[in-house]
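The values are calculated or read from the model by the stated rules, or taken from the named source; none is laboratory data. Predicted model only: the values in this text are computed from it and were never measured. No Cβ is skipped: glycine too gets one built from the backbone with ideal geometry, and neighbour counts run over all protein chains shown.
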Amino acid sequence: MRSEPVVQVQALVKRYGPKTAVDGLDLVAREGVTAVLGPNGAGKTTTIETCEGYRKPDAGTVRVLGLDPVGQSGRLRPRIGVMLQSGGVYSGSRADEILRHVAKLHAHPLDVDALIERLGLGSCGRTTYRRLSGGQQQRLALAMSVVGRPELVFLDEPTAGLDPQARRATWDLVRDLRADGVSVILTTHYMDEAEQLADDVAIIDAGRVIAQGSPEELCKGGAENTLRFTGRPGLDVGSLLKALPADSSAAELTPGSYRVVGKIDPQLLATVTSWCAQHGVMPEKISVERHSLEDVFLELTGKELRS
């Protein structure tokens, strides 16, 4: 178990002319899978590219596996894998040639044939890069980033444009990397992907990390949970509210449709059903809705992820 973070960013500032893309950002990523989320233009891509060593900070410090990704890039690069969205590949090369070439650059690469099979690239191995579909190029980029058995891999939108089957295969690969002790820094536009894969989530907006924690912690810290039920229209909501804990609310949203917001636990559920029984109400369609990571994201940023 590694005691120090795999990535530690302190007071990072990065400017492009008059525009400040990253403004005093702090980020800590430990072993496991860390998902970095943020609306377009929030600064997440600049932050990740700085961690990868492709951009030099204007201020602040960045350490990846304890090393400066710019000043100590020669020592760091053999230990990390980077998945690029596009570019960096000669378009006339065949897919299998590209992957085998990358594998030879490492001392103990993964089995290339097995990796090709796992990511569904077998049928396009002899196809030139320029003739691959967008999804095939995406899967090849993923394979190139992990074939060298890195200690840490940066995955930029790894399932963008993939069909459901390829997406699930990618999720399984990320889980296997984690099980093998490989840490993953993941950017994604898919909230379910972050919830499924990430041990930790960092939300970036306006060049800063505005929230960080496990998906469970972030969802718990967002808006309150909600209980919904249906019954006959016009129930005495005021009477129901008196029976509930002081920090709860209750409302009839539409005729016969009721919502209770508060700390939804077994006791509160029992209180609602008991109140219904006392008032001769047969509640129907009782459901408890826990806020998702997407709910929390929208509450914190006020933006759609693909803004």
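Descriptive notes on the structure:
- Candidate set: the stretch 218-268, residues that are acidic (Asp, Glu) and assigned to a loop (DSSP other than H, G, I, E, B); chosen: the one surrounded by the most Cβ atoms within 10 Å (Cβ to Cβ): GLU224
- Residue match in the stretch 123-136 (condition: surrounded by 15 or more Cβ atoms within 10 Å (Cβ to Cβ) and in contact (Cβ under 8 Å) with a residue 60 or more places away in the chain): no
Table: residues versus (1) free of Cβ contacts under 8 Å to residues at least 24 places away in the same chain; (2) out of contact with any strand residue (DSSP E or B) (no Cβ under 7 Å at 6 or more places or on another chain); (3) closer than 28 Å to ASP200 by Cα.
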| position | (1), (2), (3) |
| --- | --- |
| LEU227 | no, no, yes |
| ARG232 | no, yes, no |
| ASP236 | no, yes, no |
| ALA250 | yes, no, no |
| THR273 | yes, yes, no |
| GLY280 | yes, yes, no |
| LYS285 | no, no, no |
| VAL296 | no, yes, yes |
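- Top-ranked residue of the stretch 145-159 - restricted to ones that are in contact (Cβ under 8 Å) with a residue 40 or more places away in the chain, part of a loop (DSSP other than H, G, I, E, B) and not basic (Lys, Arg), ranked as surrounded by the most Cβ atoms within 10 Å (Cβ to Cβ): PRO158
- Residue within the stretch 64-79 that is closer than 30 Å to THR128 by Cα, in contact with a His (Cβ under 8 Å, 6 or more places away or on another chain) and surrounded by fewer than 16 Cβ atoms within 10 Å (Cβ to Cβ) present: yes
- Residue among SER133, SER91 that is in contact with a helix residue (DSSP H, G or I) (Cβ under 6 Å, 6 or more places away or on another chain) and modelled with pLDDT under 95: SER91
- Test result for VAL82, in contact (Cβ under 8 Å) with a residue 24 or more places away in the chain, more than 19 Å from GLY148 (Cα to Cα), crowded, with 18+ Cβ neighbours inside 10 Å and under 24 Å from the mean Cα position of the chain (by Cα): no
- Looking across ARG178, ARG126, one residue alone is touching a strand residue (DSSP E or B) at 6+ places or on another chain (Cβ under 9 Å) and assigned to a helix (DSSP H, G or I). It is ARG178.
- Pairs are defined by a Cβ separation below 7 Å, a sequence spacing of at least 6 or placement on different chains, a first member in the stretch 50-72 that is assigned by TED's automatic domain parsing to the domain that holds MET83, and a second member that is assigned to a helix (DSSP H, G or I) and charged (D, E, K, R); the pairs so defined are ARG55/GLU49; LEU65/ARG79; LEU67/ARG75.
- You will find that of VAL89, VAL82, VAL70, the residue that is of a type in the set (A, V, I, L, M), closer than 30 Å to GLN136 by Cα and in a loop (DSSP other than H, G, I, E, B) is VAL89 and no other.
- Total residues in the stretch 16-36 satisfying the condition of being in contact with a Lys or Arg (Cβ under 7 Å, 6 or more places away or on another chain), closer than 24 Å to VAL153 by Cβ and not small (Gly, Ala, Ser): the figure is 5.
- Counting only residues that are basic (Lys, Arg), modelled with pLDDT of 95 or more and not in a strand (DSSP E or B), the stretch 1-43 holds 1 of them.
- Qualifying residues in the stretch 238-257 (those that are modelled with pLDDT under 95 and of a type in the set (Ser, Thr, Tyr)) - the one farthest from LEU227 (Cα to Cα): THR254
- Scanning the stretch 188-204 for residues that are within 12 Å of VAL33 (Cβ to Cβ) and not in a helix (DSSP H, G or I) yields a count of 6.
- Verdict on GLU97 being without any contact (Cβ under 8 Å) to a residue 12 or more places away in the chain, closer than 24 Å to ARG130 by Cβ and of a type in the set (Asp, Glu): yes
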